[in-house]
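Written out below as structure tokens is the structure these notes cover.
The values are calculated or read from the model by the stated rules, or taken from the named source; none is laboratory data. Here the structure is a predicted model, which is why all the values come from computation and not from measurement. As a convention, Cβ positions derive from the backbone with ideal geometry for all residues, glycine included, and neighbour counts pool all protein chains shown.
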Amino acid sequence: MNKDHLARQPNPVDLHVGMRIRARRKSLGLSQDKLAMALGLTFQQVQKYERGANRISASKLYEAARILGVPIPFFFEGLPVLVDDDAAHSAGQGLGDAFTRFMATQGALELAELFPRISNAKIRRHVVGMCKAIADVGDQNAKVA
């Protein structure tokens, strides 16, 4: 990847913070419009924050934390510790990036809420195995296409 391409990619930290905002907003049952009104923004701006397309300022993050009822560090939980700027662009190997990619998918929040409710460990393992099998089939189909 060249540097111009990397510059157009959302920063992994912005993606992570945006996904945490989205997850908390959805867990409270707030629409983007209601959060935007409380923040004095348009819902489009909230969308951009949640996608990581725009960076949220410190003052808006502080206000969002107050509105969403979480401490500011909540937005950074699960973020891999980055040593330098190059690491920020290669954070794709970390658990924080996997969480960010997961939370960006449709239905992720619902799965995250339901999975812990499966009390039987064997069934949870089967669900994970089923997900792996479905993902592998998707990978194989992508290679054929």
Practice problem: Filter region 24-55 down to the residues that are in a helix (DSSP H, G or I) and hydroxyl-bearing (Ser, Thr, Tyr), then identify the one that is surrounded by the most Cβ atoms within 10 Å (Cβ to Cβ). | Solution: TYR49
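Would you pick out the residues in region 31-52 that are of a type outside the set (A, V, I, L, M, F, W, C) and under 18 Å from the mean Cα position of the chain (by Cα)? Before the answer, list the steps.
Of region 31-52, the ones of a type outside the set (A, V, I, L, M, F, W, C) are 31-34, 40, 42, 44-45, 47-52.
Within region 31-52, SER31, GLN32, GLN44, GLN45, GLN47, LYS48, TYR49, GLU50, ARG51, GLY52 qualify.
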Quiz item: Out of ARG20, ARG55, ARG66, which single residue is charged (D, E, K, R), assigned by TED's automatic domain parsing to the domain that holds ALA98 and under 22 Å from GLU113 (Cα atoms)?
Solution: ARG20
Self-check item: GLY129 vs. criteria touching a Gly at 6+ places or on another chain (Cβ under 6 Å) and either modelled with pLDDT under 70 or more than 26 Å from ASN11 (Cα to Cα) (or both)
Solution: no
